[in-house]
1. Given the options LEU59, LEU93, GLN16, identify the residue whose Cα lies farthest towards the positive end of the charge dipole of the chain (+1 on Cβ of Lys, Arg; -1 on Cβ of Asp, Glu).
2. Take the alpha carbon gyration tensor of the chain, find the square roots of its eigenvalues, order them as a ≥ b ≥ c, and report rounded if a/c is under 1.5; if not, report prolate when a/b exceeds b/c, else oblate.
3. Just to be sure I understand: with springs between alpha-carbon atoms less than 10 Å apart, which residue in THR94, THR30, THR83 has the highest mean-square fluctuation in the Gaussian network model of the chain?
4. Return the distance in nm (one decimal) between the two label points of a simple spin-label model at GLU5 and GLU60, each offset 7 Å from Cα along Cα→Cβ.
5. Counting only pairs 8 or more residues apart or on different chains, how many lysine pairs in the range 1-80 have their Cα atoms under 25 Å apart?
6. Quick check: the angle from helix 52-66's long axis to the longest principal axis of the chain, C-alpha only, nearest 10 degrees?
Amino acid sequence: MLYPEFSKYKSFVDPQNPLVNAYQTKAGDTFYVEPGFYMGLQGFEEKRAKDMPLIMKALEAMVALHHQVVFTADYENPFIEKTGYVYKEISDLTDPLQIYVEDKSRGSDYGD
């Protein structure tokens, strides 16, 4: 799947993880974007479009700081495991920026 937000990076296929998009920066840093993380990013893009440049800048800074990052939906249950990589969730980017999306979804009020 193509993620247009990451088109400025060199994409590559990791033979051990072909289902997860992998990217390399001009500096040689590498990062992975798991599908669950991308869904979260799309949620912010839908509800907080004006903040997307800040979020993407934070993502770039995270990669530059750690050099090897897996962006995941849940760091406790990642889709892939990469030795030497740090795992970051969407909230690791958005919370320090004080960019929040309230999840108002809830179960039905009707009983059985």
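Any read-out appearing in this document is the output of simple, stated calculations on the displayed coordinates, not a laboratory observation. All figures in this text were calculated on a predicted structure; none of them were measured in a lab. Note that we place each Cβ from the backbone using ideal geometry, even for glycine, and neighbour counts take in every protein chain shown.
1. Checking the options against the dipole of the chain, the answer is LEU59.
2. Taking the square roots of the gyration eigenvalues as a ≥ b ≥ c, the chain is prolate.
3. Maximum among the listed residues: THR83.
4. 1.4
5. 8
6. 50
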